[in-house]
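> I'd like to ask you about the structure that follows.
The values are calculated or read from the model by the stated rules, or taken from the named source; none is laboratory data. These numbers were taken from a predicted model, which means no experiment stands behind them. Please note: Cβ atoms are built from the backbone with ideal geometry, for glycine as well, and neighbour counts cover all protein chains shown. Accessible surface areas use protein heavy atoms only, side chains included; no ligands, DNA or RNA. Shrake-Rupley method; radii C 1.70, N 1.55, O 1.52, S 1.80 Å.
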Amino acid sequence: MSLQEAIERKDLEEVTRILTEDPPCIDEKTSQGVPLCLYAAGTGEFEIVKYIVEYSRASMNTVDDEHRTILHYAAESGNVELNRYLVEKVGMRITDGDKNLITPYQIAYEKGHEELLSYYESVVGAAYEDMYHNPIRTGMFPDPSIVRVGEDYYMVNSSFIFFPCIPISHSRDLVHWEVIGHAVTNPKWARLDELEGGRGYWAPDISYDDGTFYITATYRLGDAGPVYRRQIVVSSDKPQGPYSEPVFIEEDGIDPSIFHEDGRHYMLLNRGARIFELSDDCKRQISQASLLFYGDQKRAPEGPHLLKKDDWYYLFLAEGGTGPGHRITVARSRELMGNYEPCPYNPIMRQMDERAGIQRCGHGKPVCTQKGQWYMVYLCGRMIGDSYSILGRETALDPITWTADGWPIVNNLDGPSALQVRPDLPRWQEPGGGEGACAAVSTIRPDRETFPEKGRDGCFSRGLPGDFVTPRPPEDGAISFRDGHLILKGSRHPLASVKARNILVRRQSAFSFRAQALLRVPKLLPGQECGLTCYYDENTWVCAYFSRQGAGYFLQVREHIGREDIYHEKAEVKEPEGRLFWIGVDTKYLKRRFYFRAFSGKAGDSRDGETTLADLPNVYYLCDEGIRMGKRFTGAMVGVYGYAGQEPLYTEFLDFQYRTC
C-alpha cells in the first residue's frame with residue numbers, strides 16, 4: 001500500500017508504518033502534483049495530519065504549484081479541530097494568499113463552513129465580509145501617494161505618457177476608489193507628443209495645505225539630454241481640479257513630494273532624500289538642495305516622503321530597485337534638517353517570499369484616518385507565468401502599527417497581505433445603494449463599462465468614464481459623441497509610431513477578462529483599419545481589426561513585438577459597410593482569443609454566432625518584462641482605435657464592454 005492510499009483510507013497505523021520505514025516518501029506528490037502532507041490535510045483527518053506534523057520529515061513551508069499551504073487544504077476539509085491545531089500550534093496564517101491571493105479564510109467562506117468561519121473570525125478579529133483584498137487598485141496604478149482631508153481620501157498615481165495625466169482617485173473607506181479627475185487635462189500643457197512609452201509623468205505626490213491641493217511629479221524626458229528630468233507642480237482649491245498650468249522646478253531627480261509645515265513648503269527628491277524650500281505658492285525653488293539621508297539599504301533610494309508625528313520627523317524611502325528587492329524603509333530625526341537615524345526594524349515592508357502572489361512591494365506613503373488608525377499605501381506587482389507582470393504595478397494597502405519605541409512598522413513586518421481587516425471607516429456606498437450596500441470583500445466582481453449616454457464633443461475628461469485614457473493627447477476633434485455613440489477619428493499614424501493618436505484604452509484590471517466593442521463598419525480605403533487593441537506601448541501590442549484589400553473587407557489579428565509584425569489568418573466579411581459587428585477578446589492570463597460576430601440585437605454578452613479570429617497562447621510582450629525596448633514601467637491596456645493614414649476616417653463605436661472573469 002502506498003502512503004497516498006493509506007491517507008485516503010484514513011489508516012493512521014499504516015501511515016505510521018510507511019513513514020517509519022520510508023521517511024522520504026512524505027515528499028512525494030499525487031498524480032495531480034499535490035504534496036502528500038497537503039493532501040492529508042485536505043482529507044480533514046486530524047490524527048494523521050498531527051502525526052505527519054510532529055513525527056515525519058514534512059516541512060510546514062511546503063506549498064503546491066499554486067502556492068497553497070497546508071492550511072488552504074485544511075480549510076477545504078472544514079475540520080475545525082484540524083484548523084485550530086495548524087493555526088495555534090503550527091503557526092499557519094489564515095490570511096496567507098496563494099498565487100491568486102486566495103486565502104484559507106476565503107476558501108472556508110466559499111465552502112460555507114460556518115463553524116470554521118466562526119473560529120477564523122475569532123482569530124482574525126473580523127468577519128470575512130469585513131475584510132478587503134489587496135491590491136486595492138488593480139491594473140496600472142503605480143507609485144501611489146495619498147492625503148486625507150476631513151473624511152475624504154485622495155490618491156494619485158503615475159500615468160507616464162497616457163492622457164489625461166496623473167489620475168486623482170477618491171475614497172471614503174481607503175478600499176474602494178474612483179477616478180474623479182486628473183492633474184493635467186489641457187493637451188497643450190501635457191508635453192507628451194514626442195515622448196516614448198514609459199516616459200512622461202512619474203511618481204506623483206498629492207498634498208494639502210491651507211485650502212489648496214498640490215500635486216507634484218517628475219516629468220521624464222527622452223535620453224537625448226542635456227535635461228532628462230524636470231519636476232512639475234500644479235495646484236487647485238478642488239481635489240478633482242481643474243489644476244493650474246504646470247510650473248517647472250529645474251532640480252534633477254525623481255519622485256518629488258511636498259512637505260508643508262507652519263506655512264513653509266519643502267520639496268523632497270531622490271537620490272536618497274534631498275530637500276529644498278519652495279516659495280509660498282510652491283512654484284519656485286528658493287534654496288539649494290541638501291541631503292537629509294541617503295537611505296538604509298543604500299541601493300536606488302527614491303520616493304521620499306516626510307511625516308511629522310510626536311515631535312519626530314519620519315522619513316520614508318523606497319529602496320532596492322523596482323524588482324523583487326523593492327522595499328520601504330524609514331528613518332527619523334528630531335529636527336527637519338537634522339541627522340536621520342534608520343529604523344532598527346527596516347525594511348518595514350518587503351516581500352520576502354519569492355513565490356508569493358504579491359511581489360516587488362515598495363514606494364509607500366502613510367496616512368492617518370480620522371479615527372487615528374494608520375495605513376500605508378504602496379506599490380506592488382502580481383506575477384504570472386515566467387515572472388511576468390501583465391497588469392503592471394498596482395496599489396496595495398496595509399496597516400501601520402507604532403512600536404513602544406516610536407517606530408512605524410507595516411503589517412507586523414509580515415510583508416504584504418492578501419486579505420486584511422477593513423479600516424474602521426464608513427462603508428462604501430454603491431451608487432443608488434443603501435446602508436451596507438458594499439460587499440467589502442468578494443472575488444473581483446464583473447464590471448461593465450460603456451460609453452456615456454451623453455458626451456460633450458471634444459471634452460475628453462467629461463465625455464468618458466475616468467478610466468479611459470489615450471497614449472499622448474488625441475488629435476483635435478478626435479473623440480466626439482452622437483446619440484450616445486463614440487465617434488473616433490482615425491489617426492494619421494499607425495499604432496507602432498510615437499505619433500499615433502486617438503487610441504482609446506482602459507487599464508487591464510484582472511488576469512482574466514472579456515472585452516468587446518460594437519462598431520459600425522465605415523467605408524475603408526486600402527490601408528485603413530479600425531478595431532480593438534490590447535496595447536502596452538508603441539513597441540508591443542496586438543489588434544483585431546477591419547481592413548480593406550481591393551474590393552474586399554477582412555478581419556484579421558496582428559501582433560507587433562518590437563520591430564516584428566505577425567499577421568494571422570484573415571477572415572473575409574461580405575458587404576460589411578454600415579453593418580454592426582462585435583470585435584472582442586477573451587483573456588486568461590497570457591492567453592488571448594480574438595473573435596467577432598455580426599450584431600443580432602441580442603444582449604452584448606451573447607456568444608451566439610461567434611467566430612474565432614486567432615488564439616494566441618502567450619502575449620508575454622504585453623508585460624513589463626516582455627522585451628527590452630525603452631522604459632517599460634506601465635501595464636497592459638485594452639480599447640479601440642482607428643488608423644486613417646492621410647485620408648479621413650471616422651468610426652462609430654456604439655458600445656464597449658469590459659467584464660472580469
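> For q = 0.14, 0.17, 0.20 Å⁻¹, what log10 I(q)/I(0) does segment 311-423 give under the Debye formula with an equal point scatterer on each alpha carbon and no solvent?
At q = 0.14, 0.17, 0.20 Å⁻¹ the computed log10 ratios are -0.57, -0.81, -1.06.
> Equivalent-ellipsoid semi-axes (√(5λ), Cα gyration tensor) for the chain, whole Å, largest first?
Rounded to whole Å, the semi-axes are 42, 36, 22.
> So which of K99/K309; K89/K111; K499/K523; K238/K631; K188/K309; K298/K365 end up more than 29 Å apart, counting from Cα to Cα?
Exceeds cut-off: K99/K309; K238/K631; K188/K309.
> May I pose another question? How large is ³J(HN,Hα), in whole Hz, for each residue of segment 133-144 in order, when computed from phi with the Karplus curve 6.51 cos²θ - 1.76 cosθ + 1.60 and θ = phi - 60°, using x for Gly and Pro?
Listing the rounded values in order: 9, 9, x, 7, 10, 9, x, 6, 10, x, 6, x Hz.
> Applying the Karplus parametrisation 6.51 cos²θ - 1.76 cosθ + 1.60 with θ = phi - 60° to the phi angles of segment 494-506, what ³J(HN,Hα) value in whole Hz is obtained for each residue in order, glycine and proline being reported as x?
Values, residue by residue: x, 4, 7, 9, 5, 8, 4, 10, 6, 9, 9, 9, 10 Hz.
> Each residue of segment 157-172 in turn: what ³J(HN,Hα) in whole Hz from Karplus with 6.51, -1.76, 1.60 and θ = phi - 60°, glycine and Pro shown as x?
Result, rounded to whole Hz: 9, 4, 10, 6, 9, 7, 10, x, 9, 6, x, 10, 10, 10, 8, 10.
> Which of the listed residues, A41, I26, M60, is farthest toward the dipole's positive end in segment 12-66, when Lys, Arg count +1 and Asp, Glu count -1 at the beta-carbon?
Of the listed residues, the answer is M60.
> Toward the positive end of the charge dipole of the chain, about the Cα centre and with charges on Cβ (Lys, Arg +1; Asp, Glu -1), which of W374, G253, V123 goes farthest?
Value: G253.
> Could you give the dipole magnitude of segment 49-90 about its Cα centre, charging the beta-carbon of Lys and Arg +1 and that of Asp and Glu -1, in debye to the nearest 20?
Values: 5 positive and 7 negative charges, 42 e Å.
With Lys and Arg at +1 and Asp and Glu at -1, about 200 debye.
> Based on the Kirkwood radius over alpha-carbon pairs, what is the Stokes-Einstein translational diffusion coefficient of segment 250-324 at 20 °C with 1.002 mPa s viscosity, in µm²/s?
Rounded, D is 168 µm²/s.
> Kirkwood Rh over Cα pairs of segment 147-245 into Stokes-Einstein at 37 °C, 0.692 mPa s: D in µm²/s?
Rounded, D is 237 µm²/s.
> Give me the dipole magnitude in Debye, nearest 20, for the chain about the Cα centre, with unit charges on the beta carbon: positive for Lys and Arg, negative for Asp and Glu.
So the dipole magnitude of the chain works out to roughly 2080 debye.
> Using amide H atoms built in the peptide plane, which far-off residues or other-chain residues are under 5 Å from L278 H to H?
Under 5 Å from the amide H of L278 lie the amide H atoms of H265, Y266, M267, I286, each far enough along the sequence or on another chain.
> Can you give me the P(r) profile for segment 286-375? Cα pairs, bins 10 angstrom wide beginning at 0, each as a whole percent.
Over segment 286-375, the share of Cα pairs per 10 Å bin runs 17, 44, 30, 9, 1 percent.
> Okay, moving on. How high is the relative contact order of the chain, in percent, counting Cα pairs under 8 Å that sit 6 or more residues apart?
Relative CO of the chain lands at 11 percent.
> Take the Cα coordinates of segment 58-128, assign each an equal point scatterer, and use the Debye formula without solvent to give log10 I(q)/I(0) at q = 0.14 Å⁻¹.
-0.35
> How many percent of the accessible area of the chain is carbon or sulfur, using a 1.4 Å probe?
Working: 11860 of 26600 Å².
Roughly 45 percent, rounded to a whole number.
> Treating segment 511-661 as a set of equal point scatterers at the Cα positions, no solvent, please give the Debye-formula log₁₀ I(q)/I(0) at q = 0.12, 0.16, 0.18 Å⁻¹.
-0.48, -0.86, -1.09
> Taking the C-alpha atoms of segment 1-102, how large are the radius of gyration and the largest Cα-Cα span, Dmax, in Å?
That works out to 12.6, 38 Å for Rg and Dmax.
> Also, quick follow-up: Name the residues whose placed amide hydrogens come within less than 5 Å of the amide hydrogen of G527, ignoring near sequence neighbours (fewer than 5 apart) on the same chain.
Amide H neighbours of G527, under 5 Å, 5+ apart: R548.
> Same structure, new question: Treat segment 78-179 as a sphere of radius equal to its Kirkwood radius over Cα pairs and apply Stokes-Einstein at 4 °C in a medium of 1.567 mPa s; give the translational diffusion coefficient in µm²/s, rounded to a whole number.
Values: Rh = 16.2 Å.
Roughly 80 µm²/s, to the nearest whole number.
> May I ask which residue of F546, I503, L486 lies farthest towards the positive end of the charge dipole of segment 473-569, with charges of +1 (Lys, Arg) and -1 (Asp, Glu) on Cβ and the Cα centre as origin?
In segment 473-569, that residue is L486.
> Using modelled backbone amide H atoms (1.01 Å from N, in-plane), which distant-in-sequence or interchain residues come within less than 5 Å of R137's amide H?
Placed amide hydrogens put T395 under 5 Å from R137.
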